[in-house]
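Reviewing the structure listed below.
The values are calculated or read from the model by the stated rules, or taken from the named source; none is laboratory data. Only a predicted model underlies this, so the values are computations on that prediction, with no experimental measurement involved. Backbone-built Cβ (ideal geometry, glycine too); neighbour counts: all protein chains shown.
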Ligand SMILES: *Cc1c(COP(=O)(O)O)cnc(C)c1O
């Protein structure tokens, strides 16, 4: 028998969540499936979302993996090409590239491109990571035009604080984008921005191609609303098995560092999952763990291959019972918050040791 620790993936929930993104988006929605589909599987996500308007990934390598798997929808590469060879590959495999820096255009000039490459011009509207300032836009477009092989489809930007309610910085970024007339349509919204009003002095900034990511996986992109309130359904259920139950006397402590001490006689449950599977080592005492129908608090430090939970108030639990760390019964965002992180990181940290299984008989 193999270790039962696994991530159960509900593909119909992924499609449901994409439907919500599509409903709220002004135009098309490219499903963001970078970083192995936020840990859910790159090709598997693309296959499950075969009706999506397109996909977005971080790098050309990820895009090529999709093409190799036979995915033919539009694919946008969010960091664009890293060198001339990648421009070549984008041209051969019909990938759309973000252009965020002049050196990328110089690399395009050095490549011998057979076909035109469709590009998104990235504007730095205030996040200050990548992108052109407004003052550089005209000269950049003119230079790209002079190369002859680049066709801009959208002007794109990315928000730093759309997750915060009533964020002034978010409004400033919208203002920045509205400052000049554009002859190109916008691609502005990540998941959080899709849920926010995009009005600048009464004018609506309409998005031609939105880029929803985290919401597709059923984690809330907003600080002020949980996933259920937004109608999102959890896609991944991280599961493991109860492998031991034993009693611990009052006053004894448990796990590395003995960081939790029993204030009463305690029934301890041991679960076959740890940080070696991607369960966060920083999960504190009291983090909710679902054990065959009841929420039981985590006690003691998370080890590499095991965690311990308090089963005292759940006397029916038995060895072999199913445990859920997050998913249908435990909100991933609640676990993330307790660990001082975000759902994105918990999903991405799942290690290869954890098998990914489809939730129902339906095919991805
Ligand atoms: C990752 C990413 C997204 C998706 O963001 P979410 O917060 O997951 O919706 C959108 N746009 C860009 C440029 C990204 O890098």
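Among the residues of the stretch 212-223, none qualifies, meaning not one is more than 16 Å from the ligand (Cβ to nearest atom) and either farther than 24 Å from residue 4 by Cβ or crowded, with 22+ Cβ neighbours inside 10 Å (or both).
Filtering the stretch 25-35 to residues that are assigned to a helix (DSSP H, G or I) and buried (at least 18 other Cβ atoms within 10 Å of the Cβ) leaves only 34. Determine, yes or no, whether residue 165 is at pLDDT below 95 and away from the ligand (no atom under 13 Å from the Cβ). Answer is no for this residue.
Looking across the stretch 83-106, the residues that are crowded, with 16+ Cβ neighbours inside 10 Å and under 17 Å from residue 70 (Cα atoms) come down to 89, 90, 91, 95, 96. Looking across the stretch 196-211 at every residue that is out of contact with any helix residue (DSSP H, G or I) (no Cβ under 9 Å at 6 or more places or on another chain) and touching a residue at least 40 places away in the same chain (Cβ under 8 Å), the one that is nearest to the ligand (Cβ to nearest atom) is identified as 209.
The residue of the stretch 261-274 that is surrounded by the fewest Cβ atoms within 10 Å (Cβ to Cβ), among those that are in contact (Cβ under 8 Å) with a residue 12 or more places away in the chain and more than 30 Å from residue 352 (Cα to Cα), is 263. So for the stretch 53-64 (the condition being farther than 27 Å from residue 134 by Cβ and either away from the ligand (no atom under 16 Å from the Cβ) or touching a residue at least 60 places away in the same chain (Cβ under 8 Å) (or both)), does at least one residue qualify? The answer is yes, given that some residue of the stretch 53-64 is farther than 27 Å from residue 134 by Cβ and either away from the ligand (no atom under 16 Å from the Cβ) or touching a residue at least 60 places away in the same chain (Cβ under 8 Å) (or both).
Among the listed residues 77, 60, which satisfies the condition of being more than 16 Å from the chain's Cα centre (by Cα), crowded, with 20+ Cβ neighbours inside 10 Å and at pLDDT 95 or above? None of the other options fit; the residue is 60.
Report, by residue number, each residue of the stretch 169-195 that is assigned to a loop (DSSP other than H, G, I, E, B) and within 14 Å of the ligand (Cβ to nearest atom). If the condition is that a residue be assigned to a loop (DSSP other than H, G, I, E, B) and within 14 Å of the ligand (Cβ to nearest atom), then 188, 189, 190, 195 are the ones that fit.
Return a yes/no flag: does the stretch 141-156 have any residue that is in contact with a helix residue (DSSP H, G or I) (Cβ under 7 Å, 6 or more places away or on another chain) and closer than 24 Å to residue 192 by Cα. No, the stretch 141-156 has no match at all.
Counting only residues that are surrounded by fewer than 23 Cβ atoms within 10 Å (Cβ to Cβ) and over 19 Å from residue 280 (Cα atoms), the stretch 294-321 holds 11 of them.
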